[in-house]
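Colleague: Sending over a structure as structure tokens; questions will come in a sec.
The values are calculated or read from the model by the stated rules, or taken from the named source; none is laboratory data. Keep in mind it's a predicted model, so treat the numbers as computed, not measured. Quick reminder, even Gly has a Cβ in these numbers, built from the backbone with ideal geometry, and neighbours come from all protein chains shown. When the accessible area is computed, the model is the full protein with side chains, heavy atoms only, and any ligands, DNA or RNA have been set aside. Shrake-Rupley method; radii C 1.70, N 1.55, O 1.52, S 1.80 Å.
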Amino acid sequence: MSPDELVYLGVLAASIPVGFLFRYLSPPVKQGAGLLLGLSLTIATCQIHALHSLVTVIGTWIIIKSTWRSAPALCLGWTFLYLLFFRLVTWFGLPAPTPFANAIQLLLTLKMVSLANEVQSYHLEKKKEVSSFSKSPVIGGLSAEPSLYDILSYSYCYVGIMTGPFFRFQTYVDWLRQPSPLTLPAVAPCLQRLKLVPVYGALFLAVNSVFPLGYVRTDDFLNDNFFFRLFYMTAVFFVFRMRFYAAWCAAEAGCISAGLGCYPEGAMSKPGGGPTVSYSPDPNAPVAYDFKTIQNIDCYNTDFCVKVRHGMRYWNMTVQWWLHHYIYPNSPFKAYVLRAGWTMFISAYWHGLHPGYYLSFLTIPLCIAAESAMEGSVRARLGPWGQSAFDWVHWFLKMRAYDYMCMGFVLLKAGDTVHYWTSIYFIIHVLAVGCIVLGRLTRGGKRGEKRGEKEEGKVEEMESKDKLKEGIRAKQD
């Protein structure tokens, strides 16, 4: 492991016991201590580069105070333009930021854009309340506009400051105002989230030592058997998954120990977003809680969901929520595949300027179009057993597609990525284009893509209705 990885490991390990101590603090002390600890961690790991995050926060605060109506669009532009400057600082004769400064800046960008949207929603709902003389029905909305101190406290809260998960300002406020944090679940859910971390860590170290990424960049790699070269991407993606499974599960445990993101199960919380229904538990009945708000990874479904489009839902889940709510709806396109492509482009930009990010992320819409075409032209015509067999093949190809795209994500450089993809004859691109062509030839491609889009919309609508019904039933009970 590199020195930077050891620092990350130390931060993750220390955040868990520290979180239990924070449960004993009053809201004002918790807010101040979280800010002090997070700011100290930022300065210790970033040194002078901590100014980048401070400038971003101050700029966001000025925008929100100046024009809350346009704050979401302006803050998105401000934070993303500052990301560009942040990554090109060496062009201006400034020192390159540390990897820790980059991690903090990435998460801060998500927080500031989300904060601007929350403040806008607060003002809009406040105006509705005044005009209608009734309380706003919005779930999880702010009760007051945050001060500069509140924004700084949220921005530099030690919980997940370098590793995530992302959480909204309202989630942060709910954490500060928890009436009885010591009575909320703590040890059991924390251990539940940590139980497989040693396994993930051991697998990461073992497989990484056998299949080092650097070997792909050598000329000797091209002399290996084609099937070995093809298998190599599976090993690399396995190492990639184990690394993030371990890190994100540990990061979630740090949130759980502190009580962040703890809500009643009846609130139907979503990763990143928090509660989706209003829920007031019966004070005389036992209440079950969950930490879905800060869940960043679903390891099982990441590996075993069938579709490419579904695979994105279970990976970096809080960031996916952010993209789905703040980027996807504002896409300049209407078609699902094009909107997904726009969202993936923004995601690639958020991750960095390395060409490998764009080569990887922009392959996802091609794979989505391919699976939609095949679902419409092939799967729709099969019986139950045929559809089951189709789904197993679909799952296998989905995993290989993510193996393939992962290579661009980790190799970063366009030359290295193309070098590897060339060595396996761009197999996923060829298969995806072949599936699209087959779908067109059988006249199911366009209908299949439309059907895929409709299915996605129906699934989301049904999930929302089901959760709303369950929430209503929970309130009635």
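Colleague: Where does the charge balance sit around P179 when Lys and Arg score +1, Asp and Glu -1, over other residues with C-beta under 15 Å from its C-beta?
Modeller: Working: positive: R23, K30, R177; negative: D174.
Neighbour charge sum, excluding P179 itself: +2.
Colleague: Something else: What does the charge count around N102 come to, taking other residues whose C-beta lies under 11 Å from its C-beta (Lys +1, Arg +1, Asp -1, Glu -1)? Write down the numbers at each step before the final one.
Modeller: On the way: positive: R87; negative: D4.
For residues surrounding N102, the net value is 0.
Colleague: Among the listed pairs K111/K334; K111/K270; K65/K127; K65/K126; K65/K111, which are separated by more than 22 Å between their Cα atoms? All intermediate terms of the calculation are to be shown ahead of the outcome.
Modeller: On the way: K111/K334 27 Å; K111/K270 16 Å; K65/K127 17 Å; K65/K126 16 Å; K65/K111 16 Å.
Violating the 22 Å limit, Cα to Cα: K111/K334.
Colleague: In deg cm²/dmol and to the nearest 500, what is the mean residue ellipticity at 222 nm of the chain if only DSSP H runs of at least 4 residues count, each as -39500 (n - 2.57), divided by the residue total? Walk me through the intermediate numbers first.
Modeller: Values: 20 runs with 321 residues, N = 477.
That calculation yields -22500 deg cm²/dmol at 222 nm.
Colleague: Under a 5 Å amide H to amide H cut-off, with H placed in plane at 1.01 Å, what residues pair with D290 once short-range neighbours are removed?
Modeller: For D290, the qualifying residues are Y263, E265.
Colleague: What is the helix-to-structure angle for 27-46, meaning the angle in degrees between its Cα long axis and the longest Cα principal axis of the chain, kept from 0 to 90 and rounded to the nearest 10?
Modeller: Roughly 40 degrees between the two axes.
Colleague: Rounded, prolate or oblate: pick one for region 1-120, where a ≥ b ≥ c are the square roots of the eigenvalues of its C-alpha gyration tensor, a/c under 1.5 means rounded, and failing that, prolate if a/b is larger than b/c, else oblate. Write down the numbers at each step before the final one.
Modeller: Numbers: a/c = 2.37, a/b = 1.16, b/c = 2.05.
Oblate, because a/c is 1.5 or more while a/b does not exceed b/c.
Colleague: Rank these by accessible area, largest first, 1.4 Å probe: V306, V113. Present the calculation step by step, with values, prior to reporting the outcome.
Modeller: Numbers: V306 45, V113 5 Å².
Largest to smallest exposure gives the sequence V306, V113.
Colleague: Using a 1.4 Å probe, how large is the accessible area of D220, given in Å² and rounded to the nearest 10?
Modeller: 90 Å²
Colleague: Related question: Given (1) 72, 53, 45; (2) 61, 58, 44; (3) 62, 53, 44, which label gives Cα extents along the principal axes in Å as computed from the coordinates?
Modeller: Here Cα extents along the principal axes in Å agrees with entry (3).
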